[in-house]
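*Asks:* Mind looking over this structure? Questions follow.
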Amino acid sequence: MDIFQQNYKQKLEETMIGYVQAKEMPSTIKEAMVYSLQAGGKRIRPVLLLAVIEGFKKDPKLGLKTAAALEMIHTYSLIHDDLPSMDDDDLRRGKPTNHKVFGEAMAILAGDGLLTHSFGLIAEDPLITSDQKVKLIGLLARFAGPEGMVGGQVADIEGENKKLSVEELETIHVHKTGKLLIFSVLAGAVIAGADEEEQTMLERFAYHIGLAFQIQDDILDIEGTEELIGKRIGSDESKQKSTYPGLLTIDGAKKKLQFHFDEALDSLNGLDMDTGLLKQISHLIVNRNH
């Protein structure tokens, strides 16, 4: 897993940054876009996408541009989430947030630029078919937009200063975090030529691993360190957001994390593919300390 992840993380970053650098645009927005793309991170979403393709014994390079587009969308969402009008964060991955370096207006435009460029990256990919491009662009628009990630962010904002139920909190996180993870595995499946039954099983896997991802985030917001996580600890509590530990206690949240982890792994049983990498990524998600 480490070799696979490191190998494709480098290729992914070269693809994203090379695509932005090659386009004609004002130098300030180019600098702002590249700044956040170079901020690092685990690259879980694109690695998941490529791991699905590898699991079906196809060349992961077929999904490299789609994986880069996905990470560009994730990066834009982080830039916007950090804005004073949203989460008002000063640090992201141990570096000053985009708006702290380039100002709020340029940070908004850098996010807009990454969002729109991501669809161009898929549309211009010579390694996948026209039918695959149409399918991927449609899925990405749905899972990243108001039916998915953006809608989850709306519900998250509206849920501040309210005592949510576990079911309401789960709905927020399925959309805010989970939908892009679902896109990751479905995109890999589309590129690899998986059938509908296989896609359904992979979608179930992604649903549960997405919730496990968010529960671990909530736990780390209490138990983690700013040095490792790269942003302020306890920010959810200070914003009076409902969290899994807040609703279930730390022990209850950890039990819920284990439940979703087990369900995710169970979803992989019966798939006619090598699921080794997906299982390794799942372990990485639930055991990470940042």
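*Asks:* Hey, among ILE157, ILE172, ILE137, which residue is out of contact with any Ser or Thr (no Cβ under 8 Å at 6 or more places or on another chain), assigned to a helix (DSSP H, G or I) and surrounded by 23 or more Cβ atoms within 10 Å (Cβ to Cβ)?
*Replies:* After applying the criteria, what remains is ILE172.
*Asks:* Another question about this same structure. Quick one: GLY193 ticks every box in (1) surrounded by fewer than 23 Cβ atoms within 10 Å (Cβ to Cβ); (2) on the phi < 0 side of the Ramachandran plot bar one, so which box is it?
*Replies:* (2)
*Asks:* Going by the structure shown, is PHE143 within 14 Å of the chain's Cα centre (by Cα), closer than 22 Å to ARG43 by Cβ and modelled with pLDDT of 95 or more?
*Replies:* yes
*Asks:* Then there is this: Can you list the helices (runs of 4 or more DSSP H) lying wholly within the range 1-102 that have 1 or more residues being buried (at least 17 other Cβ atoms within 10 Å of the Cβ) and of a type in the set (A, V, I, L, M)?
*Replies:* 2-22, 27-37, 44-55, 64-81
*Asks:* Ok, one more. Has the range 59-66 got any residue that is closer than 15 Å to ILE122 by Cα and small (Gly, Ala, Ser)?
*Replies:* Yes, there is a match, as at least one residue in the range 59-66 is closer than 15 Å to ILE122 by Cα and small (Gly, Ala, Ser).
*Asks:* Condition check: buried (at least 21 other Cβ atoms within 10 Å of the Cβ), touching a Phe, Trp or Tyr at 6+ places or on another chain (Cβ under 7 Å), part of a helix (DSSP H, G or I) and at pLDDT 90 or above. Does ALA206 satisfy that?
*Replies:* So ALA206 fails the test.
*Asks:* When both residues are 6+ apart or on different chains and their Cβ atoms are under 6 Å apart, which pairs have a first residue that lies in the range 92-120 and is within 15 Å of LEU37 (Cα to Cα), and a second that is of a type in the set (Ser, Thr, Tyr) and not in a strand (DSSP E or B)?
*Replies:* So the pair list comes out as ASN98/SER36; GLY111/TYR76; LEU114/THR75; LEU114/TYR76; LEU115/TYR76.
The values are calculated or read from the model by the stated rules, or taken from the named source; none is laboratory data. Please read these numbers as outputs of a predicted model, since none were measured by experiment. Every residue, glycine among them, receives a Cβ derived from its backbone with ideal geometry; neighbour counts consider all protein chains shown.
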